[in-house]
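To keep things clear, I will list the structure first and then write my remarks on it.
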Amino acid sequence: MSFVTDTFGTGIGALVAMFAGLYLASLVVLFATGLTMTALNSRHPDRKIQKRQPTHDAIRDIKSSTVQLLITSCCLSIGLYFQMRGWTLFAPVALSWWSVPLFFVLSLMLHDTWFYWGHRILHTKLFYRFHKPHHMTVTPTVWSNDAGSSVDTLFAHSYYALVLLVVPMPPLVFLGHRLFDQVSAAIGHCGYEHFASPSARKPWPLLCTLYHDQHHQYFVYNYANYFSFWDRMCGTIHPTYDERVEGFEALYAGKQDQSQ
């Protein structure tokens, strides 16, 4: 932030500079994650979640993603700009050994709540037309995450424009959360299960790729983003999720036994 303020001050130039830098960084993360997961998937075809092949056009999804990331970067820039100008309820807490993990986990939990209920709203009759372009991909791929409509993107990512108004989160933690969000969501759409573990199933609240893949496949389950507790509390978790996670764990164990 000091580089931005030292170079562009605190006026509109700082806002534009933040937007440009965040958008460029988002594109780098988009392609770095996409190419990495594509290479990893090709090495482990047995870990494909759905038997059906994707019917989407990867180029279409990439083009859509580059547009939607403009909106996400705008939301991020607004939140950081407001905090930089002091237009928030509280000044950001300094980085420390306790503030980084505390605010990172807090932001994940707040965003997961925002995402879950916003996602449920998008599945109502009134708003589904905005979410439908994203659901046209029943078998998602790593390029599917950001593809969709602008209203859809705003439902999920307006969080980044608003949260700093009320939560004194250090800006680096805020950016770290966004980086985690983009990478984990891309992995969650990649179509192959590489991260199934006991921590990704009951009684633990964490997730693996299968979670969001089932949402695309079955439509009315698994609405959350990082944790399963909202779906478990509201009865919207897919009934086979925990069992299938265990199945992938057994697959990993079997492969390891064969290699020994």
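Quick rundown of the values:
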item: Burial order of peptide ranges 36-42, 125-131 (average beta-carbon count within 10 Å, highest first); result: 36-42, 125-131
item: Partner aspartates and glutamates for Lys132 [C-alpha distance under 15 Å; skip if fewer than 8 residues away on the same chain]; result: Asp61, Asp146, Asp152
item: Dipole of the chain, positive end: most advanced residue of Phe227, Ser158, Pro203 [Cβ charges, Cα centre]; result: Ser158
item: For Met169, residues with placed amide H under 5 Å, excluding near neighbours; result: Val93
item: Under the span-like rule (Cα at least 24 Å along the axis, Kyte-Doolittle mean at least 1.0), DSSP H helices of the chain; result: 12-43
item: Label-to-label distance, nm, for residues given as Leu106 and Thr240 (7 Å Cα→Cβ offset); result: 4.1 nm
item: Dipole moment magnitude, nearest 20 debye, the chain about Cα centre, only Lys, Arg, Asp, Glu C-beta charged; result: 440 debye
item: Segments 226-232, 28-34 sorted - mean Cβ within 10 Å per residue, highest first; result: 226-232, 28-34
item: The chain - Debye-derived log10 I(q)/I(0), Cα point model, q = 0.08, 0.11, 0.13 Å⁻¹; result: -0.34, -0.63, -0.87
item: Summed side-chain charge close to Glu246 - residues other than Glu246 whose Cβ falls under 12 Å, Lys, Arg +1, Asp, Glu -1; result: -1
item: Net dipole in debye of the range 105-260 [+1 Lys, Arg Cβ; -1 Asp, Glu Cβ; about Cα centre; nearest 20]; result: 420 debye
item: Selection from Gly188, Pro239, Ala253, by position along the positive dipole direction of the chain (Cβ); result: Pro239
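No lab work stands behind these numbers, since they all come straight from the coordinates. On a predicted model such as this, the values are computed, not experimentally measured, just so you know. Please note: Cβ atoms are built from the backbone with ideal geometry, for glycine as well, and neighbour counts cover all protein chains shown.
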